[in-house]
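Below is one structure, written out as structure tokens; comments come after it.
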Amino acid sequence: MSITNSIKDFKMEVNQALVDKAVALEPSLIKNTVKPIGLVTIEKGKEDWEITERKSIDELSNISLGKGQSVCIDFGDHHAGYVSFKLKPVGSPPDAPAHLRIKLGETLCEIAEDSSTYNGSISSSWIQEEFLHIDILPNTVSMPRRYAFRYMEIKVVDTSPKYEIVIEDVNCIAVSSADMSTVSPLTKISDDLIKMDKISLKTLQDCMHSVFEDGPKRDRRLWIGDLRLQAQANYYTFKNYDLVKRCLYLFAGLAQNEGRVGACLFIEPKLLVDDTALYDYSLFFISCLYDYYEETKDLTVLNDLWEVAYHQAQLALNRVDENGVVRDSDDWWCFLDWHDELNKQAGAQAILIYTLKQAKKLASILGDAERKEKLEKEIKKTTKGAINQLWDKEQGFFVSGNQKQVSWISQIWFVLAEVFDTDINGQILDNLLKVSPRVDLVTPYAYHHLIEALILNNRKAEALSCMRSYWGEMVKDGADCFWELYDPKNKYASPYGSRIINSYCHAWSCTPSYFIRKYFL
Ligand code: RAM
């Protein structure tokens with residue numbers, strides 16, 4: 001599955017003054033040289049790939065590699081950066097180029113699995129595998145791409161019968177706009193939460209570059225759904241307010257047709273909004289602005305961006321019918337989560353109400369009485385619509401679409417939208433955990449919202465146990481950074497047809513730090 005709803009007759013609406021503000025906020029990247037810690041051998045274990053042997057990195061210079069031989073280098077932790085190494089020939093003078101295959105992986109499966117069999121729904125070009133010809137030896141190879149990885153495998157496709165190669169001085173210049181030294185490490189809480197926090201911080205750090213990227217391996221883009229959670233985690237950790245501000249100005253300055261905020265932006269070769277529109281993602285511009293203002297009380301930004309935010313509410317309201325309910329459709333119009341069968345109507349309705357309430361608060365802060373009143377009316381209308389059309393009192397759940405689907409995420413978003421009071425919300429959540437509807441949660445992004453809903457409705461113990469059984473299991477499964485997708489029951493899960501294309505350092509998975517630091521200290 002991949003997102004396929006390109007806007008027809010797409011055009012970009014640029015507000016140059018806003019773009020200029022974003023450009024002025026471009027961060028400089030912090031560079032750190034990191035060295036590998038060892039060599040590993042990867043083999044198929046009972047359940048999955050395993051490291052069956054470890055050697056010191058000092059061994060590397062004692063190994064000479066000929067045709068078909070390889071070595072896998074372990075950097076000890078996840079990094080986003082640029083790799084270089086030296087190649088030295090041994091034997092006769094090199095009478096042919098060295099032909100190498102280089103694989104970089106965030107996890108073992110990316111190294112161990114045969115990428116030529118990949119047949120997933122998104123481009124294989126994301127697979128971090130290169131074939132290089134090195135004509136002159138000895139040589140220093142500086143790979144031009146930025147990679148996200150912990151492991152690097154170098155395989156000799158061929159040298160010649162007359163010589164072999166030795167690899168030396170392997171380095172990575174890791175880059176990020178986040179400064180880890182500004183974040184105090186946690187103490188005085190349980191070890192598993194300390195570990196979870198550390199991995200979350202690393203996840204966020206490796207996703208912070210010139211903008212908040214969704215994942216340094218894939219898609220390396222600024223997605224607004226990811227930005228919203230990254231910004232929240234950032235407020236409790238790196239506190240890099242300028243980077244959030246820059247991303248807000250970028251989304252506002254580079255809108256799509258009708259002034260719609262796009263789902264994601266490209267940064268290079270030039271700033272560009274993608275032609276994908278998602279109902280929930282456009283509305284999250286309001287949330288990102290709201291959260292940013294709550295954190296910083298920065299009225300200049302609020303004033304600059306209020307028009308764009310309010311406009312997203314207006315555009316979204318165009319999809320509301322006479323009963324006060326968001327119209328459903330079969331195309332890719334709203335995201336919510338990666339579940340194949342998920343009907344989006346109820347979740348979209350709840351996010352609409354959630355963001356209208358935030359917009360109303362912003363209108364009130366700005367003294368925009370007319371819009372505040374208009375928003376108030378729309379909140380009433382859509383809330384009434386939700387209760388009359390989508391709430392099934394007998395089941396104690398909200399239903400969605402023609403088939404009246406009951407999904408986890410619809411309930412969670414209605415709880416977050418505070419359509420009912422804390423008592424009923426609590427009952428919905430208890431019912432949800434008890435009944436466990438079949439259309440469940442797939443991504444850490446969706447789990448984030450479950451945990452937030454539980455915490456805000458006096459169910460902190462349940463929230464904590466859920467964090468432990470989800471992110472905690474990822475830790476047990478060896479995560480150095482938190483992953484884009486995780487199903488504790490199916491380690492091969494991917495919405496893209498193969499797990500080797502999944503991103504294993506993914507922005508929307510970085511929020512355990514936010515929860516721990518905001519609610520559990
Ligand atoms: C995927 C990415 C990204 C997400 C979108 C909706 O392409 O994982 O993080 O926001 O989907």
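Obtain the nm distance between the two label points defined at residue 47 and residue 258 by a simple spin-label model: each point lies 7 Å from its Cα along the Cα-to-C-beta direction.
Between residue 47 and residue 258, the label points sit 4.8 nm apart.
Short version: ³J(HN,Hα) in whole Hz for each residue of the stretch 183-193, in order, from phi by Karplus 6.51 cos²θ - 1.76 cosθ + 1.60 (θ = phi - 60°), x for Gly and Pro, what are they?
Values per residue, Gly and Pro as x: 9, 6, x, 8, 9, 6, 10, 5, 4, 5, 6 Hz.
With every protein chain present, what is the per residue accessible area of the chain (1.4 Å probe, Å²)?
Result: 42 Å² of accessible area for each residue.
Per-residue HN-Hα couplings for the stretch 350-357, Karplus 6.51 cos²θ - 1.76 cosθ + 1.60 at θ = phi - 60°, whole Hz, x for Gly and Pro?
Listing the rounded values in order: 5, 5, 4, 5, 4, 7, 4, 5 Hz.
Using a 1.4 Å probe on the protein chains only, how many percent of the accessible area of the stretch 32-176 belongs to carbon and sulfur?
47
Taking all protein chains in place and a 1.4 Å probe, what share, in percent, of the accessible surface of the stretch 333-451 do carbon and sulfur account for?
Carbon and sulfur: 43 percent of the exposed surface of the stretch 333-451.
Per the helix-only calculation at 222 nm, which mean residue ellipticity applies to the chain, given -39500 (n - 2.57) for every DSSP H run of n ≥ 4 and division by its residues, nearest 500 deg cm²/dmol?
So the helix-based figure for the chain works out to -12000 deg cm²/dmol.
Arrange the peptides 294-304, 203-213 so that the one whose residues have, on average, the most other Cβ atoms within 10 Å appears first.
For the peptides 294-304, 203-213, the packing ranking is 203-213, 294-304.
Going by average Cβ neighbours within 10 Å, how do the peptides 372-378, 14-20, 309-315 rank, with the highest at the top?
Ranking the peptides 372-378, 14-20, 309-315 by packing returns 309-315, 372-378, 14-20.
Report, please, the projected area of the chain averaged over directions, based on the convex hull of its C-alpha atoms, in nm².
Directional mean of the projected Cα hull area for the chain stands at 25.5 nm².
Just how large is the dipole of the chain about the Cα centre, in debye to the nearest 20, putting +1 at every Lys and Arg Cβ and -1 at every Asp and Glu Cβ?
Approximately 640 debye in magnitude.
Say the cut-off is 22 Å between C-alpha atoms; which of 404/491; 245/270; 44/155; 380/460; 35/217 go over it?
The answer is 404/491; 380/460.
Please provide three numbers in whole Å: the alpha-carbon extents of the stretch 32-176 along the principal axes, with the largest listed first.
43, 34, 30
What is the distance in Å between the Cα centroid of the stretch 238-279 and that of the stretch 428-500?
28
Going Cα to Cα from residue 374, which aspartates and glutamates come in below 20 Å? Please leave out same-chain ones fewer than 8 positions away.
Output for residue 374: 307, 321, 322, 418.
Name every cysteine in the chain that ends up alone, with no second cysteine's Cβ under 4.7 Å, or say none.
Result for the chain is 72, 109, 172, 207, 247, 264, 288, 334, 466, 510, no neighbouring Cys Cβ within the cutoff.
Tabulate in residue order the Karplus-calculated ³J(HN,Hα) for the stretch 260-275, using 6.51 cos²θ - 1.76 cosθ + 1.60 with θ = phi - 60°, rounded to whole Hz; enter x for Gly and Pro.
So the Karplus estimates, Gly and Pro as x, are 6, 6, x, 6, 8, 10, 9, 9, 10, x, 9, 5, 7, 8, 6, 8 Hz.
So for each of 388-394, 341-347 I average, over its residues, the number of other beta carbons within 10 Å; can you give me the resulting order with the highest mean first?
Most protected by this proxy first, the peptides run 341-347, 388-394.
For the stretch 131-171 and the stretch 17-89, what is the separation of their Cα centres, given in Å?
12
Along the Cα→Cβ direction, 7 angstrom out, place labels at residue 373 and residue 300. What is the inter-label distance in nm?
Spacing of the two 7 Å Cα→Cβ label points: 3.3 nm.
With no solvent and one equal point scatterer placed on each C-alpha of the stretch 158-263, evaluate the Debye formula and give log10 I(q)/I(0) for q = 0.11, 0.17, 0.24 Å⁻¹, two decimals.
So the normalised log intensities are -0.49, -0.84, -1.32.
Determine Rg/Rh for the stretch 66-128; Rg is computed over alpha-carbon atoms and Rh is the Kirkwood hydrodynamic estimate from the same atoms.
That ratio is 1.01, to two decimals.
The values are calculated or read from the model by the stated rules, or taken from the named source; none is laboratory data. Please read all numbers here as calculations on a predicted model, not as lab measurements. Every residue, glycine as well, gets a Cβ built from its backbone with ideal geometry; the counts of neighbours run over all protein chains shown. To get the accessible areas, we keep the full protein, side chains included, count just its heavy atoms, and leave off ligands, DNA and RNA. Shrake-Rupley method; radii C 1.70, N 1.55, O 1.52, S 1.80 Å.
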